[in-house]
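*Asks:* My structure is below; once you've seen it, I'll send some questions.
The values are calculated or read from the model by the stated rules, or taken from the named source; none is laboratory data. Computed from a predicted structure; not experimentally measured. Heads up, the Cβs are rebuilt from the backbone with ideal geometry, glycines too, and the neighbour counts pull from every protein chain shown. Each accessible area value is taken on the protein alone, full model and side chains, heavy atoms only, with ligands, DNA and RNA left out. Shrake-Rupley method; radii C 1.70, N 1.55, O 1.52, S 1.80 Å.
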Amino acid sequence: MNKQEEPNQTPVTQLFSHLKFENNQFKHQPGSVFGNTALIVGTTIGAGSLGLPAVTLTSGIIPSTILLIIVWVYTLISGLLIAELTLNVMYIEGITHIGLLAIIEKILGKMGARIAGIAYVFNHYALLVAYMTEGGEVLTTTVNQVWKLENILPHWPGIISFFLIFGGLMYWGKDSLIEKINGLFIIILLAAFIGLLILGGMQFKPSQLLVQNWQAVGSSIAVMYVAMFFHSIIPLVVTQLEGDIVKIRQSMIIGSLIPLFMFLAWNAIILGCITPDTLQDSFGNERAFNPLQILRNGESGQWFAMLLSIFSEFAIITSFIGITYGLADFFKDVFTITKSEISRLPLYSLVLLPPLSFGTLNPSIFLDALKYTGAFSVSILAGIMPALMSWKQHQKPAFTNSNSQTLVPGGKITLIILIIGGLFLIVRQLFSIQRFPLL
């Protein structure tokens, strides 16, 4: 850890060198901007992107596009704020790695850590359930189509296969190997996405741009929050990039911009390929809208279906990797706080077995899982909690007397906006549950 500089000097931009002890020697293993950008992209592009058109259908392309950009700005600001908090805690405490739960506990105390912990576990388990169920369904659908089986396979073999293949990768694979595989998957994901844009553009109907229902746009905000959520891996990114502010900012901005552009194009292509009759039939019943089925029945037929299956599966896999990392770090922090130790097998069993069980028993929970985790977990973890932590951290003498790092401008006004945004989403979802029409 670099020592604090004199007050009249520029604050350090790198806090430490990332060393790992292997083969009886220390090795310098600095993370790259590309690798961490890929990790953020992979974590962000997941099941949320697949559920996005289902909830933006009734509002239309233009309203949902504007709202998605607003959500991206919100989540990027809150993400940079978490990075800022991580850097300052690491700098003051003199440590080279700390998870989100430990940061919250140090700033907001045990009660804040418990509240955030509940939201964190609910969010990650719900997302893992969504990823396993949707990833397993894509595997099952692919097998049924390739082998043209007369007796359609149920969903549970696909869910278990997804767990064994990619859960096994997370358990046995080294971090460096998983980073390389994740980068390769991102390239495949982008190639499939480009193909989808080309084929989808052939079916795009400009008249769909005229479909605008601004009153319905709010119903999609919870899933948009989930789609743009990558905050659980930010402490890991800060550690891998050795506290280098420039690299951290680059990775987070680029890593969130790429999914934003992909979501905007994806949402526009999907909604633009729908006929007015299909749109009319789907109003008031967003569960009836299935992008996979709509595209299979389009002019591009089997090619579109094949590319869509590739994009869907790799989007889920890359996001699965990031979320698994985040939840594993969370449980490590829990055992560190309780002064206990946990080995690798119990750790990954705790991370992966509960969502596997729940997803196998209820494979149709995909969209509901996205909505509720967006409304209640993401709003707390990516909005309210970072703002409250920053507010309190700025009041501590240890913070004000140090060369603290600042990644987010705006001061308390920015923090108030983050808190209001998070509370709005929670209140809106509560009113939605009660079927109250005002929100």
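*Asks:* For region 152-275, what is the convex hull volume of its Cα atoms per residue in Å³?
*Replies:* Per-residue hull volume (Cα only) is 184 Å³.
*Asks:* Still on this structure, I have one more. Local charge sum around Ile321 (other residues, Cβ-Cβ under 14 Å, Lys/Arg +1, Asp/Glu -1)?
*Replies:* Cβ neighbours under 14 Å give a net charge of -2.
*Asks:* Probe 1.4 Å, all protein chains in place: accessible area of Glu93 in Å², nearest 10?
*Replies:* 90 Å²
*Asks:* What ranking of Thr338, Thr414 comes out by heavy-atom accessible area, probe 1.4 Å, highest first?
*Replies:* Result, largest first: Thr338, Thr414.
*Asks:* I've got another one for you. How high is the relative contact order of region 187-272, in percent, counting Cα pairs under 8 Å that sit 6 or more residues apart?
*Replies:* Result for region 187-272 is 57 percent.
*Asks:* Just the accessible area for Trp156, please: 1.4 Å probe, Å², rounded to the nearest 10?
*Replies:* 140 Å²
*Asks:* Then there's this: Leu209: accessible area at probe 1.4 Å, nearest 10 Å²?
*Replies:* 70 Å²
*Asks:* Leaving out ligands and nucleic acids, note down the accessible area per residue over region 72-121 with a 1.4 angstrom probe, in whole Å².
*Replies:* 33 Å²
*Asks:* Now a separate question. Net charge within 15 Å of Ile181 by Cβ-Cβ distance, Lys/Arg positive one each and Asp/Glu negative one each, not counting Ile181 itself?
*Replies:* Computed value for this residue: -1.
*Asks:* What percentages make up the Cα-Cα pair-distance distribution of region 62-186 when the bins are 10 Å wide from 0?
*Replies:* 10, 21, 32, 25, 9, 3, 0
*Asks:* Return P(r) of region 209-273 (all Cα-Cα pairs; 5 Å bins starting at 0; whole %; ordered from short to long distances).
*Replies:* The distribution over region 209-273 is 3, 13, 18, 20, 15, 11, 8, 6, 4, 1, given as percents.
*Asks:* From the alpha carbon gyration tensor of region 33-121, can you work out the equivalent ellipsoid semi-axes (sqrt of 5 times each eigenvalue) and give them in Å, largest to smallest?
*Replies:* Output for region 33-121: semi-axes of 31, 17, 13 Å.
*Asks:* Leaving ligands, DNA and RNA out of it, rank Leu307, Leu241, Leu353 by accessible area with a 1.4 Å probe, largest first.
*Replies:* So the residues, ranked largest to smallest area, are Leu353, Leu307, Leu241.
*Asks:* Using a 1.4 angstrom probe on the protein heavy atoms only, could you order Leu101, Leu210 from most to least accessible area?
*Replies:* Ranked from most to least accessible, the order is Leu210, Leu101.
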